[in-house]
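J.: I'd like to ask you about the structure that follows.
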Amino acid sequence: MNKHVLKVVEFHKIRERLASLAGTREGNERLRSLVPMEELGEIEKALKQTEDAFSRLLSGKSLSFSGTAEVRPVIKRLSIESSLNPGELLMLGRMLENAQSAVSFGKGKEERDSLSDFFEALDPLPALCAELRRCILSPEEIADDASPRLSSLRRKLRGMDGRLHDKLTSLINHTETRKALQDPVITMRDGRYCLPVKAEQKSQVPGVVHDHSGSGSTLFIEPLPIVELNNELRELLLQEKDEIRIILDDLSSKLRVHSDILISDYDLLIDLDVIFARAKLAMEMNATRPILNEKGVFSLRKARHPLLPKETVVPVDLTLGKEIDMLILTGPNTGGKTVSLKTLGLLTVMALSGLMIPCLDRSEVAVVKEVFADIGDEQSIEQSLSTFSSHMKNIVGILAEADRSSLVLFDELCAGTDPTEGAALAVAILEDLRLRGVRTMATTHYSELKVYAMTRPFTSNASLEFDVETLSPTYRLMIGIPGKSNAFAISKKLGLPDRLIEDARKRLTENTKELEDLIAELEETRKSLSKEKETVNALRQEAEALQKKNDETAKKLEARREEILSEAREEAVRLLREAKETADSTIRNIHKYGASGENIKRLEAERKNLHDQIRSHEDKLTALPKKKSSQAPPPKVAIGDRVRVLSMNLTGTVHTLPNEKGELEVQMGILHSTVKLSDLELLPEEKTEWEKKKVSSGGSIRSSKSSRIHTEINLIGKTVDDALAELDKYLDDACLAGLPSVRIVHGKGTGALRKAVHDRLRRLPTISSFRLGEYGEGDAGVTIAEFK
């Protein structure tokens, strides 16, 4: 793809943000040189890898590649039988540690994805990695326990060093020697311990002179008593150096055998670093994976320019290539035309580079071979120097190369020259591109182009809404509506006299007046239709919600009725079974005992027992549902009175006063039903405060809960068990309060709490659907749940 378009849509800024997210130098360089791809399969593969990395990062785990330095030159040295120094060995050790961390990270996902092969191909050589970690402490230091001999030598060195310091300290403390010293300190020259002696006092300290000061007043003398000790120290140091060389040779030999694995691990880590940097950028932008097509269709849903602040950018919906191949965007300056143009260009380049884009899901991007752009930024000093000639030279190049597999973007097409000639040239250029089937989006102030868009097939006007009252754009893109410059309205708002504005209106041609009036009429019609549409949608949603609620209430009542009948049948069967068993037992006793006096007493006892059981069963049967009560209807019922619905044998609370038909609404637990006054039995008031709180009217429940229940619950910081318990109670209260939806804040974290919340929501019958928060709602740290 041509470099010019990458510059004008500011893709280099996206690459810089990407590169800053890489953990390796080579990954940084690869991302800085990222360019769009042309093959659909190649782009799909890159997007799939980015999406899978994005999904893994949502779990809350992180993967670091920092410390993975360029190791190819080091491995090349290994291949020619060279031994590596401690710094190079440490570099390889850190790379293997990163590979080990990556392998552990890769095992955290149960289902396979496009990154599974990367993680499985890594071989961190754990035994060798541990050996390097144990032996190499820093680029300048080898661990004492790197080998037994090195450990022994260093113990001897510490002992010899102590003996030397003791001997030298003894000499310094000697009165005669101390007088001859320039300073009472121990120093070292050429690897041998010395004392700084005054030149004129050198005879007082017999020994070997190793150095002198710049002025010659101080001689650095190795006293004779420690010469032998210094010799022994020197020998130990040479032995230590030889042992370190042996250790480095051994570690290098072990690594040399695995040179191919080391190269492979390094390449895999760089690939993963690049992929996860793309995923991190997607998380920052709250981006989604676009759907690619080769049909030339662009459909961006709530697209946001990625270089503008997320808090202020206004999303736009852009469609090109379905019913419209050419879009003419008009409107006042600073209204957002150029931003919309750049948004389409930049998001297309990003998608073709394997990057997720800041849009809603199901957005589509066409795979094009080239994106051409002639965009001039009027706010840029550099671009303000551009002339009509330089723009036309760029346009000529675009016309020579553009075809059906291209996307062409024009900003202020043919501006900077005579308006009449410029408009004619612009129409000719657009007509040529339209006839060739080139997907084109252009911004302009020319009224002739508005008329052109109205009279050509597969071509449409578009505009960005402008609030004349506040003199500020709303940045809302409207397809099918040509834009107005609003020059007269803005001038009037800013205080230009009416007489001048009217004079200016008279100077407009009749065709221009008619066009401006038509645009104004279309805009007013659009606003009116938009308001009506919103009202209709609100009424429809309200009606659907009421219908759904009524259907659910009817289902619950039917289910409760069936449950009551089933319980009654079971109770009746049980009572009959008990009565039969009692009767059978009594008859057997009659046959057994006969009619003697003593037996008569026993039979009387049996009879009394049977009578008591029957009375007990009768009492229980009175608890079964009754069809009707002979009690007279309550003479007066007030909202909040406790009543029993006789036909259902359920206790409830009066929700409304009786209507002219004698019907009123009663709340019975979770059931809300309309019943007749004659089907009610007034119950006495509750005695205790606790009971009063327990049984309250359905209407008061709904009103009090709706006033107390918030539309959001925050579960951050709680354990899964505590959070689920609190969530269950909250959802019950929210359902009773009649809330249509709630916002559950669980945070991103490790993802465990979010998964537990989603599992619970799937099992709740009162929840119709749920989803993660969108941009501006809390992203992946929030779940929106809808009630049935």
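The values are calculated or read from the model by the stated rules, or taken from the named source; none is laboratory data. The model shown is predicted, which means the values in this text are computed figures rather than measured ones. Please note: Cβ atoms are built from the backbone with ideal geometry, for glycine as well, and neighbour counts cover all protein chains shown. Side chains included, ligands, DNA and RNA excluded: accessible areas come from the protein's heavy atoms. Shrake-Rupley method; radii C 1.70, N 1.55, O 1.52, S 1.80 Å.
J.: Give me the one-decimal nm value for the distance between modelled label points at ASP722 and SER390, 7 Å along each residue's Cα-to-Cβ direction.
T.: Roughly 6.4 nm, to one decimal.
J.: Suppose accessible area is computed on protein heavy atoms with a 1.4 Å probe; arrange LEU125, LEU425 from highest to lowest.
T.: LEU425, LEU125
J.: Let me ask another. Quick one: order PHE787, PHE770 from most to least accessible surface, probe 1.4 Å.
T.: Most to least solvent-accessible, the answer reads PHE770, PHE787.
J.: To continue, here is another question. Put +1 on the Cβ of each Lys and Arg and -1 on the Cβ of each Asp and Glu in segment 1-135; which of PRO73, MET37, MET1 then has its Cα farthest toward the positive end of the dipole?
T.: PRO73
J.: If you filter segment 1-46 for trypsin sites (Lys or Arg not before Pro), then keep DSSP loop positions with at most 13 other Cβ within 10 Å, what is left?
T.: Qualifying residues, ordered by number: none.
J.: Which order do SER340, SER678 take when ranked by solvent-accessible area (1.4 Å probe, heavy atoms of all protein chains), largest first?
T.: The residues order as SER678, SER340, largest area first.
J.: Using a Förster radius of 35 Å, what is the FRET efficiency between VAL227 and ALA143 based on their Cβ-Cβ separation? Nearest 0.05, please.
T.: 0.65
J.: Output the pairs from LYS295/LYS531; LYS7/LYS748; LYS549/LYS661; LYS280/LYS302; LYS167/LYS241; LYS61/LYS322 with a Cα-Cα distance over 29 Å in this structure; if there are none, say none.
T.: Those over the limit are LYS295/LYS531; LYS7/LYS748; LYS61/LYS322.
J.: Relative to the Cα centre, what is the charge dipole magnitude of segment 139-293, using +1 at the beta carbon of each Lys and Arg, -1 at the beta carbon of each Asp and Glu, and rounding to the nearest 20 debye?
T.: Here the size comes out at about 460 debye.
J.: With every protein chain left in place and a probe of 1.4 Å, what is the accessible surface of LYS493, to the nearest 10 Å²?
T.: In the full protein context, LYS493 sits at about 100 Å².
J.: Can you send over the carbon and sulfur percentage of the accessible area for segment 385-454, probe radius 1.4 Å, protein chains only?
T.: Ligands and nucleic acids excluded, carbon and sulfur give 60 percent.
J.: For LEU683, list long-range residues whose amide hydrogen, built 1.01 Å from N in the peptide plane, is under 5 Å from its own amide hydrogen.
T.: It is ARG642, VAL643, ARG644, by chain and number.
J.: With all protein chains present, how much of the accessible area of segment 30-150 (probe radius 1.4 Å) comes from carbon and sulfur, to the nearest whole percent?
T.: 51
J.: Also: Count charges around ALA279 for me, please; just the other residues with Cβ under 9 Å from its Cβ, Lys/Arg as +1, Asp/Glu as -1.
T.: Summing Lys and Arg as +1 and Asp and Glu as -1 gives +1.
J.: Compute the distribution of all C-alpha to C-alpha distances in segment 1-77, in bins of 5 Å from 0, and list the percent of pairs in each, rounded to whole numbers.
T.: It works out to 3, 12, 14, 20, 22, 14, 10, 4, 1, in whole percents.
J.: Name the shape class, rounded, prolate or oblate, that the alpha-carbon gyration tensor gives for segment 166-300, where a ≥ b ≥ c are the square roots of its eigenvalues, rounded holds for a/c under 1.5, and otherwise prolate holds if a/b is larger than b/c and oblate otherwise.
T.: Because a/c hits 1.5 or more and a/b exceeds b/c, segment 166-300 counts as prolate.
J.: Right, next: Would you work out if segment 245-328 is rounded, prolate or oblate? Take a ≥ b ≥ c from the square roots of the eigenvalues of the alpha-carbon gyration tensor; rounded if a/c is under 1.5, else prolate when a/b is larger than b/c, oblate otherwise.
T.: Verdict is prolate for segment 245-328.
J.: Using a basic spin-label model with each label point 7 Å from the Cα along Cα→Cβ, how many nm lie between SER217 and LYS156?
T.: Using points 7 Å along Cα→Cβ, the separation is 4.3 nm.
J.: Moving to a separate point now. Using a 1.4 angstrom probe, figure out how much accessible area segment 50-148 has per residue, in square angstrom, rounded to the nearest whole.
T.: Accessible area per residue: 48 Å².
J.: Around SER213, under 12 Å between beta carbons, what's the net of Lys plus Arg minus Asp minus Glu among the other residues?
T.: 0
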